[in-house]
Amino acid sequence: MLSEDTIVAVSTPAGRGGLGVVRLSGTRAIEIATHLIKLPKLPLETQRATLGAFAPVESGRVLDQVVVTCFRAPHSYTAEDVVEISCHGAPIILRYLEECCLTQGARAAEPGEFTMRAFLNGRIDLTQAEAVRDLIESQTLYQARVAAQQLEGSVSTRLKPHKQVLLDLIARLEAGIDFAEDDVAVIEWQDILTRLDRISADLEKLVEGYEYGRIVREGLTLAIVGRPNVGKSSLFNRLLNEDRAIVTPIPGTTRDLVAETANLGGIPLRFVDTAGVREALDEVEKIGVERTFSAIADSDLRLMVVDASEPWTEDDTLLLEKLRPLGSLLVALNKSDLPPQVTDVAPGFSPARFSPARAAPSLGSELALSNAKGQALKGGATIPEDVEEFVQGNSDVGATPPEIVRTSALTGEGIHQLKAKILALAAPTRNIGPEGEFITNLRHQQLIKNSLAGLAKARQAAEQQTPHEMLLLDLYDALRPLDLITGATYADDVLDIIFKTFCVGK
Ligand code: GDP
């Protein structure tokens, strides 16, 4: 299925750089390249870099020294003849070289067309083509490793045995129908059910793993929320500084919403530092607060920062009550390097929780706690336990209690635990297996679900021992979506199995 036309594109990103590459693919790639580049000897050697000079035909003058690498079909990325011309990375030269290629009869490549040709020519399957895109877009090494595994065909490798079993079943049933009088071994209903169940169990696992795969591929957003001065920005910077891997200011963010991305255990985590979460004074501020809240609600996770060296305030309570129903909440009791000073607790607090009898055995800090009316509750309670209890238990909302971590943005205490908790909350199925043992692509997940639906119907048909013709329809329904992931199963494949693996006789 080699294409007629030869395509060309600048394959390196726009902008100046040490090097820039123009890539040609197609039947005329070598001819066009050798026409434009002066080379010491021809023909070009395969898979060897050759020094040449880019000298446009009209002027004959040398514009740039280049390195030409030629890959002859089918041993190339696209399985066609491919020539890569490395120039110095001057955008003007690269564009001019591309234009010269166009003048010589090449066509400008569409986005992704090199990879599409690799797919159309059978060099890679669809999952691998998709992995190329993910690899290019990866922001962390972990993401890149996952994409690289898929580029090597991990998704197809995982699905292939299931496709094989389905094909095998289909082939046997078809054979039973077509060659009924030839004594084709009849497959037992129980045998069919066992096979179908085995496939379903594994496909179910893949579908479940997608939630984690999606996080790996797309990353997560964490909103950092709290009263002014509790240490939000400091914690935000701590979390970023420890992993400098990615620091991308997101354009379009406003003064009160700063977003940056850090690499947390290989998962890109976008922190949204929110300010101004307090009762709005005027209309304009109200809009700002509403926007902040929708950013908080839209985030995958929320981190509420509390200044543990200061009294718990009503604002903290209000904030907590707004955050808890949103779920996925962590609370950082920050400034843990300072002596804790809770002298007042939030309204709604039940003093019973802080009864001296319960608090007394704890670590003996000299805290003075007071109830809502300001009565001191002396008794040597330690803050973290009590605030934890409050934070986890005060709200009537049925959401799971938030996790609490003591941190100091100043000394770095607790930052490690905080990250671990963020990761645990963000990606609870992290221990899902090595890279490549999960799917990262929504398209794949949906197709696998479709296949599961087909399998469920087939199972029912087998249980009810419906005629093979009917069962076959369901089996094809289960197989087709898998084909759409890995590439088609042709009717020939089924015939092949019928004639090769079964002795049909005659
Ligand atoms: P934000 O308004 O919540 O973003 O708070 P900032 O991060 O700007 O911090 C407010 C003040 O608290 C600054 O002076 C910080 O240096 C200080 N601060 C932040 N975190 C800590 C901490 O863990 N311990 C101590 N002692 N001071 C902190």
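The values are calculated or read from the model by the stated rules, or taken from the named source; none is laboratory data. Model, not experiment: these values are computed from the prediction. Glycine gets a Cβ as well: all are built from the backbone with ideal geometry, and neighbour counts include every protein chain shown. Only protein heavy atoms, including side chains, enter the accessible area calculation; ligands, DNA and RNA are left aside. Shrake-Rupley method; radii C 1.70, N 1.55, O 1.52, S 1.80 Å.
Among the conditions (1) at pLDDT 80 or above; (2) open to solvent by less than 10 Å² (accessible area, probe 1.4 Å), the only one that LYS232 does not satisfy is (2). I'd like the full set of residues that are within 15 Å of the ligand (Cβ to nearest atom), part of a loop (DSSP other than H, G, I, E, B) and either within 23 Å of the chain's Cα centre (by Cα) or modelled with pLDDT of 80 or more (or both), limited to the range 266-324. Selection gives ALA308, SER309, GLU310, THR313. Taking the conditions (1) open to solvent by 30 Å² or more (accessible area, probe 1.4 Å); (2) modelled with pLDDT under 85; (3) in contact with a helix residue (DSSP H, G or I) (Cβ under 6 Å, 6 or more places away or on another chain) in turn, ALA147 satisfies each one other than (1).
If you go through the range 404-428 and keep only what is within 12 Å of the ligand (Cβ to nearest atom), part of a helix (DSSP H, G or I) and over 20 Å from GLY327 (Cβ atoms), you end up with just ILE415.
The listed residues are THR50, THR69, THR27, THR46, and the only one of them that is over 24 Å from ARG117 (Cα atoms) and under 44 Å from the mean Cα position of the chain (by Cα) turns out to be THR50.
For residues that are surrounded by fewer than 22 Cβ atoms within 10 Å (Cβ to Cβ) and more than 16 Å from the ligand (Cβ to nearest atom), tally how many sit in the range 220-229.
1
Of the residues making up the range 7-40, those that are of a type in the set (Lys, Arg) and either under 17 Å from ILE92 (Cβ atoms) or in contact with a strand residue (DSSP E or B) (Cβ under 8 Å, 6 or more places away or on another chain) (or both) are ARG16, ARG23, LYS38.
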